[in-house]
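**Q** Questions regarding the structure given below will be posed in turn.
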Amino acid sequence: MKITGITTHPVGNRWKNWLFVRVDTDEGIHGLGEGSLNGFCRTVEAAVRELEPMVIGRDPFATESLVLHLARDLYSEGGQIHGAAMAAIEIACWDIKGKALGVPIYELLGGLVRERVPVYANGWYQVERSPDAFARAALDVVASGHRALKFDPFGAAWRTLTRREQDDSIDIVAAVRDAVGSEVDLMIEGHNRFSPSTAIAISTRLAEYRPAWFEEPVPHQNVAAMVHVARCSDVPIATGESLSSVQQFTDLLSHGAVDIVQPEPVSLGGLGRTKIVAGLADAHYGMVAPHNAQGPVCSMVSLHLGASTTNFYYLESFEGFNEAWTRDIVIGDALVVSDGCVEVSRRPGLGIDLDWDALADHPYRPEHVLRLHHDGWERRVPQALVE
């Protein structure tokens with residue numbers, strides 16, 4: 001079997017453009033991948049186009065060789081953009097392999113570990129930034145079958161918070177905890193916002209509400225800062241979504257301070273590298289909770305990782321909180337949450353396909369970017385790029 005062509009499909013999800021990729025073969029089997037990367041949809045699309053000549057004519061079954069070829073032979077370090085372009089192609093190749101062999105991808109990744117994968121909700125707090133509004137929205141999430149939910153209560157904060165701003169943020173956490181009770185896991189999102197001292201002060205106050213983790217409290221570029229916060233925090237620190245190499249995870253884990261890692265299969269270059277990171281975490285007695293803030297293809301990637309990875313913690317899902325058309329473009333089993341878990345798909349490959357013709361009804365728009373330091377970003381509506 002040989003790869004004969006690659007087509008790219010930017011799609012205008014209103015708060016983050018998605019990039020889907022289709023890889024075709026000479027045996028009539030196609031695979032689908034995704035390379036969505038917030039404000040770099042068109043940039044990743046261009047990177048896929050530049051990688052395409054290196055892929056045409058190659059065997060889609062040889063994913064290890066393919067990724068090595070695309071990463072090493074360019075002799076350039078393209079970070080997340082390079083990783084996203086590789087991942088879109090690599091994921092599609094896994095999909096092709098599964099379809100050709102008639103098995104789900106999880107069978108190719110080591111086999112079934114669990115039939116139901118724990119899931120947490122994200123994107124549900126598209127409401128006024130107040131304790132009451134967050135609490136009411138959280139109750140609706142729990143009523144929909146979720147038993148864990150993540151949210152960023154910090155508004156548009158960057159580096160520091162005034163005492164009033166910090167109090168307001170903690171009040172939101174307290175209101176959500178009071179509303180959902182002690183049995184529901186809360187994950188508090190930091191979005192790389194804070195200085196180390198501010199992050200430590202916040203984590204001290206969060207401990208009372210027993211969150212499962214405090215995520216990305218400081219920027220990822222300085223591993224020493226993240227490690228310092230983790231050692232001082234009374235709440236587990238989760239991080240890793242912005243890392244783009246296995247070696248960066250090796251550095252992070254070597255300090256013995258962080259034991260919840262969040263590899264982003266897109267930024268990292270695909271499924272194969274994500275499984276390597278899961279193994280590194282396991283060697284440090286850590287857990288894996290992949291970042292998954294993209295489209296439905298990436299959700300299926302996380303589902304197959306959850307099905308086949310022993311130290312998998314939680315699957316992140318926006319599925320129930322995007323616009324209805326984002327589910328209509330999917331052919332196959334949608335992610336359905338029941339009692340805090342998602343059933344593993346038994347279909348070959350990823351388990352889904354896309355309605356390729358319908359994608360054109362939702363075009364890319366430059367204003368579809370998540371701007372985390374602008375007031376009201378929680379509502380996830382398009383914002384002007386220049387104000």
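The values are calculated or read from the model by the stated rules, or taken from the named source; none is laboratory data. This structure is a prediction, so every number in the text was calculated from the model and none was measured. Cβ atoms come from the backbone with ideal geometry, glycine included; neighbour counts cover every protein chain shown.
**Q** Can you say whether His304 is in contact (Cβ under 8 Å) with a residue 24 or more places away in the chain, crowded, with 21+ Cβ neighbours inside 10 Å and assigned to a helix (DSSP H, G or I), as far as the supplied structure shows?
**A** yes
**Q** Does any residue of the range 11-32 turn out to be of a type outside the set (Ser, Thr, Tyr) and either in the same structural domain as Pro265 (by TED's automatic domain parsing) or part of a helix (DSSP H, G or I) (or both)?
**A** no
**Q** Taking only pairs six or more apart or across chains, which ones have beta-carbon atoms under 7 Å, a first residue in the range 25-38 that is touching a residue at least 12 places away in the same chain (Cβ under 8 Å), and a second residue that is assigned to a strand (DSSP E or B) and of a type in the set (Phe, Trp, Tyr)?
**A** Leu32/Phe20; Glu34/Trp18; Glu34/Phe20; Ser36/Trp18
**Q** Please name all residue pairs, on different chains or six or more residues apart, with Cβ atoms under 6 Å, provided the first residue is in the range 151-170 and is farther than 23 Å from Ala293 by Cα and the second residue is charged (D, E, K, R).
**A** Pairs found: Ile170/Arg205.
**Q** Can you find, within the range 335-360, the residue that is farthest from Asn322 (Cα to Cα) among those that are in contact with a strand residue (DSSP E or B) (Cβ under 9 Å, 6 or more places away or on another chain) and surrounded by fewer than 16 Cβ atoms within 10 Å (Cβ to Cβ)?
**A** Arg346
**Q** With the requirement that a residue be modelled with pLDDT of 95 or more, assigned to a loop (DSSP other than H, G, I, E, B), touching a helix residue (DSSP H, G or I) at 6+ places or on another chain (Cβ under 9 Å) and not small (Gly, Ala, Ser), what does the range 183-221 give you?
**A** Once the filter is applied, which keeps residues that are modelled with pLDDT of 95 or more, assigned to a loop (DSSP other than H, G, I, E, B), touching a helix residue (DSSP H, G or I) at 6+ places or on another chain (Cβ under 9 Å) and not small (Gly, Ala, Ser), the range 183-221 yields Val184, Arg193, Arg210, Pro211, Glu216, Pro217, Val218, Pro219.
**Q** Do you know which residues across the range 33-67 are crowded, with 23+ Cβ neighbours inside 10 Å, of a type in the set (A, V, I, L, M) and not in a helix (DSSP H, G or I)?
**A** The answer is Leu37, and nothing else.
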